[in-house]
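First the structure, in the form of structure tokens, and then the observations on it.
The values are calculated or read from the model by the stated rules, or taken from the named source; none is laboratory data. Keep in mind it's a predicted model, so treat the numbers as computed, not measured. Backbone-built Cβ (ideal geometry, glycine too); neighbour counts: all protein chains shown.
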Amino acid sequence: MLVTSPAFKENASHALADAALQKALARARTHFQRRRADAAAGLPEFEDLRARAREIKDHTLAHLDFYLERYAENVERAGGFVHWCRTAEDARAAILEICERAGARTVTKGKSMLTEEIGLNEHLERHGITPVETDLGEYILQLRDEPPSHIIAPAYHLNLDDWEKSFREHHTGLPPERAFHERRDILTEARKVLRERFLAADVGITGANFLIAETGSSVIVTNEGNGDLTQTLPHVHIALASIEKVVPTLEDAFCLLRLLARSATGQDFSVYTTFSTGPRRPGDLDGPEEYHVVLLDNGRSAMLGGEFQPMLRCIRCAACMNHCPVYGAVGGHAYGWVYPGPMGAVLTPSLVGVDQAGHLPNASTFCGRCEAVCPMQIPLPQMMRHWREREFERHLTPATVRTGLGLWAYVARRPTLYRWATRAAAATLGWLGRKRGRFASLPFAGGWTGGRDLPAPEGETFFARYAKTQRQGKA
Amino acid sequence: MPPSRPRVALFVTCLVDLFRPTVGFAAIRLLEAAGCQVEVPRAQTCCGQPAYNSGDRESARELALGILESFAGYDYVVAPSGSCAGMLKVHLPTLFEQDPNLRPRAEALADRVYELVSFLTDVMELKTVPGRFQGTVTYHDSCSGLRELKIKAQPRALLAQIPGLTLQELAEPELCCGFGGTFCVKYPEISTRMVADKVKDIRETGASLVLAGDLGCLLNIAGRLKREASPVTARHVAEVLAGMDGQVPPIGESRDG
């Protein structure tokens, strides 16, 4: 996927001017926030679960090699195959090889952000294999050739008209009198088309929400049931998962599952939670004949042991972006790559480089709401600050900001000089603003005054006035 | 029992010093009303957030060294800002994590730092305030105070002591106003959208005055209210609690009204 993160400001500008998007954002924000708040309030042990979940992940990450090996052994014991992949390219090649060996012409796909991360669809298409997204949101995005704008609600930015337009364009044979009045009409149409695709698929590819070391199982959660049809109907099931998805036990997975749906959609549990352990066994009524796990690193092991390790606790619930005022203003596409919002602001620089994604950790007020709702208690603002430190060290911070900051720091370290400078500034601005009490514009302050007035200072600094009162007090 | 006549150092904050000295004097009046001896260390400038949040740890650390020096030896250090108090209390010690000599000093300082309003209620157990006010106000919870220092009930408790003052809550009191320090000038379009949303919420309460505990948010909110030519005014909560709102026009208003 093309990285447009360097154009974050321009992307944001377009998003702010897009009336339909703004309407969708407002709707989604209210919906997700209310649902999550109700779900958290409805579970007395919610806060305890967060602490427990954090411990589980911290422990696993501290012994990641051990749990991954254990997981892989148990996958193989159940008759599955594990493909260890260091890079996105390795993962694409491994998946293509499995598909080609199976003689696949079409593959169905469950929703997976990791397949977006490695650009899997484009790769399969280039090799003559047709991927079909089966998550409803992902399906329409595939028709529209658009990336997801949210990690769990990929197409929330589209309205009913957009859906109808895309269906009419791509579903040839759709009668003109067919009406699309409500969500159900969309579902009926998508269901009809997707059913044929499910039956025709040679390989099914899903992601994994969790990998369980003690059983060798992969777990997916969906609300549409598309994941189950994707992984049980074709001959071959491939689960693509990044290495930090592993947890030690089934019980650990349940702790995280209880947090995941509540934090994401406000459900107690997702509609479908499916555990896959190996291929179909003798006597099983259904299931794939081959079961493969493609285990991907793609930069994650480099985060271990460093200041960004806590980010590997992320379970992709999207609570951070659902509560982020910046995401709420500009939406997901503005972030310019796979992962938007606060989790993306931390993860994207790790995966594509801070030189590309430098805007993302800067475009935050550090309001801290993301950390407050994160089920895994990831200190997202602190990690965005760490990225700013890396940028500063590498001189990636814009020169104007650097110079301004240097000048300010020089003065602020010298209280006497600082007193003099602030006194002059307060007096000048106070005098200039004395009539109106504010400025509608000021040289070098266009960033501020573009959208708001600048209140004028009272005119005298606190320290000047305080010195005066002290002298009067003594006299 | 509240401590008797503690020595309190006022951390004025750079924005109060430069833009709104009255807030500093309101803080002194409130602290004295609560029974504190207030001193204002001369050598203070800024808490260092502009550097710290821009990734310039070295400058932030140098400023922090000055703060450790100037604010040593007081019973408490109090700032009329959740943001600056949060910097000193939560973040400043992290600048000395690797320094076995300075780390204990930084932690000792952090233990004694408080935001003004929460200090008055939680430490000094102040029950009555000098302020008098007639009318309806609304209150914006600034993010650092709210989430880093858990300040939510304290300003409401003190405002409730003012007869005639009615508090009309915002629909989303915990939503960021879009100030964010340098964020507001680095990403002005996004910041403007956020403050416009905040101001819409404020206007819909019907209150004539919005209060908050942080001057950064207040400059942002007042600036947007005035840009929209709204009659709603903005003040720091300490001005009203101290009864000093008669001494200075609201933020961004002229003296002639």
| query | Residue check: is B:A207 more than 9 Å from chain A (Cβ to nearest Cβ), surrounded by fewer than 22 Cβ atoms within 10 Å (Cβ to Cβ) and of a type in the set (A, V, I, L, M)? | reply | yes
| message | Here are the criteria: (1) surrounded by fewer than 23 Cβ atoms within 10 Å (Cβ to Cβ); (2) in contact (Cβ under 8 Å) with a residue 60 or more places away in the chain; (3) farther than 21 Å from A:S13 by Cα. Tell me which single one A:Q356 does not satisfy. | response | (3)
| note | Scanning region A:229-254 for residues that are within 20 Å of A:H63 (Cα to Cα) and touching an Asp or Glu at 6+ places or on another chain (Cβ under 6 Å) gives A:I243, A:T249
| message | Considering only region B:190-198, I want to know if a residue exists there that is in a helix (DSSP H, G or I), touching a Cys at 6+ places or on another chain (Cβ under 9 Å), under 24 Å from A:A15 (Cβ atoms) and of a type in the set (G, A, S). | response | yes
| Of everything in region B:164-190 that's among the small types (G, A, S) and within 7 Å of chain A (Cβ to nearest Cβ), which residue is farthest from the chain's Cα centre (by Cα)? | B:G178
| field | Residue count, region B:57-80 (criterion: out of contact with any strand residue (DSSP E or B) (no Cβ under 7 Å at 6 or more places or on another chain) and away from chain A (no Cβ under 13 Å)) | value | 3
| request: Could you pull out the residue among A:D48, A:D58 that is surrounded by fewer than 14 Cβ atoms within 10 Å (Cβ to Cβ) and more than 13 Å from A:S263 (Cα to Cα)? | output: A:D48
| note | Considering residues that are more than 10 Å from chain B (Cβ to nearest Cβ) and either touching a residue at least 24 places away in the same chain (Cβ under 8 Å) or surrounded by 16 or more Cβ atoms within 10 Å (Cβ to Cβ) (or both), the number found within region A:395-412 is 0
| request: Quickly run through region B:155-187 and pick out the residues that are more than 25 Å from A:P381 (Cα to Cα) and part of a helix (DSSP H, G or I). | output: B:P155, B:R156, B:A157, B:L158, B:L159
| task | Search region B:207-233 for residues being in a strand (DSSP E or B) and of a type in the set (A, V, I, L, M, F, W, C), and hand back the single one that is nearest to B:P249 (Cα to Cα). | result | B:L209
| Candidate set: region A:435-471, residues that are without any contact (Cβ under 8 Å) to a residue 24 or more places away in the chain and aliphatic (A, V, I, L, M); chosen: the one nearest to the other protein chains (Cβ to nearest Cβ) | A:L454
| remark: Flagged in region A:362-380 as more than 11 Å from chain B (Cβ to nearest Cβ) and either modelled with pLDDT under 95 or at positive phi (or both), in numbering order, are A:Q377
| remark: Of the candidates A:L417, A:L432, the one satisfying the condition of being of a type in the set (A, V, I, L, M, F, W, C), more than 8 Å from every other protein chain (Cβ to nearest Cβ), without any contact (Cβ under 8 Å) to a residue 24 or more places away in the chain and surrounded by fewer than 17 Cβ atoms within 10 Å (Cβ to Cβ) is A:L417
| note | Restricted to region A:282-296 and to residues being surrounded by fewer than 20 Cβ atoms within 10 Å (Cβ to Cβ) and modelled with pLDDT of 95 or more, the residue farthest from A:A372 (Cα to Cα) is A:E289
| task | Select from region B:219-246 the residues that are in contact (Cβ under 8 Å) with a residue 60 or more places away in the chain and facing chain A (nearest Cβ under 10 Å) and write down the one among them that is nearest to A:L442 (Cα to Cα). | result | B:L219
| Evaluation of A:R388 against (1) in contact (Cβ under 8 Å) with a residue 60 or more places away in the chain; (2) within 12 Å of another protein chain (Cβ to nearest Cβ) (one fails), failing number | (1)
| Would you say A:A426 is at the interface with chain B (Cβ under 9 Å from one of its Cβ atoms) and either closer than 30 Å to A:Y466 by Cα or free of Cβ contacts under 8 Å to residues at least 40 places away in the same chain (or both)? | yes
| query | Can you find a residue in region A:354-366 that is of a type outside the set (V, I, T) and either more than 24 Å from B:Y52 (Cα to Cα) or in contact with a strand residue (DSSP E or B) (Cβ under 8 Å, 6 or more places away or on another chain) (or both)? | reply | no
| message | I'd like to verify a number: residues in region A:127-173 that are buried (at least 19 other Cβ atoms within 10 Å of the Cβ) and not in a helix (DSSP H, G or I), how many? | response | 17
| field | helices (runs of 4 or more DSSP H) wholly inside region B:51-153 containing at least 1 residues that are assigned by TED's automatic domain parsing to the domain that holds B:G35 and surrounded by fewer than 22 Cβ atoms within 10 Å (Cβ to Cβ) | value | B:57-70, B:102-112
| field | Unique residue being in contact (Cβ under 8 Å) with a residue 24 or more places away in the chain, within 21 Å of A:T397 (Cβ to Cβ) and among the hydrophobic types (A, V, I, L, M, F, W, C) when the list is A:A329, A:A345 | value | A:A345
| Of the residues that sit in region B:1-37 and are closer than 20 Å to A:L454 by Cβ and polar (S, T, N, Q), which one is nearest to the other protein chains (Cβ to nearest Cβ)? | B:T22
| query | In region A:308-365, how many are touching a Phe, Trp or Tyr at 6+ places or on another chain (Cβ under 9 Å) and of a type in the set (D, E)? | reply | 0
